[in-house]
1. Among all residue pairs at least 6 apart or on different chains, which show Cβ distances below 6 Å where the first residue, located in segment 26-45, is closer than 22 Å to THR10 by Cα and the second is surrounded by 11 or more Cβ atoms within 10 Å (Cβ to Cβ) and of a type in the set (Ser, Thr, Tyr)?
2. Scan segment 10-49 residue by residue and report those that are closer than 30 Å to PRO63 by Cβ and surrounded by 11 or more Cβ atoms within 10 Å (Cβ to Cβ).
3. Filter segment 1-27 down to residues that are β-branched (Val, Ile, Thr) and in contact with a helix residue (DSSP H, G or I) (Cβ under 7 Å, 6 or more places away or on another chain), then give me how many there are.
Amino acid sequence: MKWKRILAMTGVVLILSMYVIAIISAFSHNPEAKNWLMAAIFSSVIIPIFVYAAQLVARVIRPNKDQPDTAGKKNEA
């Protein structure tokens, strides 16, 4: 569970830093301000998708140890 929080916080920090850069460049009348804003909006969509995909891959590679393994057991009724 700890690695999920680390991934989520990393994603939040990346997205927030993109918006901060966009705001600072807009207030400094930087000609690249529009590009930074577009990058921040793009990152708001793409970064959560990558974080979710990383969690899915980690779940497939390393299954949860709390769940009992029922693959080899016969159904006893």
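1. From residues that are closer than 22 Å to THR10 by Cα, the pairs are TRP36/SER25; ALA40/TYR19.
2. Here is the first cut: in segment 10-49, the residues closer than 30 Å to PRO63 by Cβ are 10-15, 45-49.
Once the filter is applied, which keeps residues that are closer than 30 Å to PRO63 by Cβ and surrounded by 11 or more Cβ atoms within 10 Å (Cβ to Cβ), segment 10-49 yields THR10, GLY11, VAL12, VAL13, LEU14, ILE15, ILE46, ILE47, PRO48.
3. Residues that pass the stated criteria total 2.
All of the numbers you see were taken from the coordinates with simple rules; none came from a lab. Since the model is a prediction, treat every value here as computed from it, not as a measurement. Here the Cβ is made from the backbone with ideal geometry for all residues, glycine too, and neighbour counts use every protein chain on show.
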